[in-house]
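Here's the structure, in structure tokens; my notes come after.
Nothing in this text is a laboratory measurement; each read-out follows from the coordinates by a stated rule. Quick caveat, the model's predicted, so the values are computed rather than measured. Here the Cβ is made from the backbone with ideal geometry for all residues, glycine too, and neighbour counts use every protein chain on show.
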Amino acid sequence: MKFGLLFEMQRPYEGNDIDWNALYRETLDQCELADQVGFDNLWFVEHHFLMGFSGSPCPEVMFGALSQRTKNIRIGFGVFPFCQIIIQSEWPSG
């Protein structure tokens with residue numbers, strides 16, 4: 001059996017006082033810990049313009065940072081077929 005985590009990078013919304021640095025730092029720390037304790041995969045969602053709900057408008061940026069902090073865990077999109085086709089077409093194939 002494999003175990004994974006799904007991240008929406010949620011943060012309580014209280015006006016304009018969201019600490020985005022803390023949100024990303026805590027997410028990176030949680031993912032690094034998941035890798036260390038043996039989780040198999042991490043999944044991220046993409047939400048644009050939902051500042052009170054999700055701080056994940058571009059998961060690819062998080063993937064780059066995670067590639068530097070994790071060793072074994074697999075990283076991907078939660079529901080890839082629902083990603084915007086224009087965004088997908090920008091990615092290299094292969």
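Sort 45, 37, 61 by Cβ crowding within 10 Å, fewest neighbours at the top. Can you show the working numbers first?
Working: 45 18, 37 8, 61 11.
Lowest count first: 37, 61, 45.
Given points 7 Å out from each Cα along the Cα-Cβ axis, report the residue 69 to residue 28 separation in nanometres with one decimal.
0.5 nm
For residue 6 paired with residue 47, estimate the spin-label separation in nm (one decimal), with each label point 7 Å from Cα along the Cα-to-Cβ line.
Simple spin-label model gives 1.2 nm for this pair.
So who's got an amide H within less than 5 Å of the one on residue 44, skipping anything under 5 residues away but keeping other chains? H placed 1.01 Å off N, in plane.
7, 76, 77, 78
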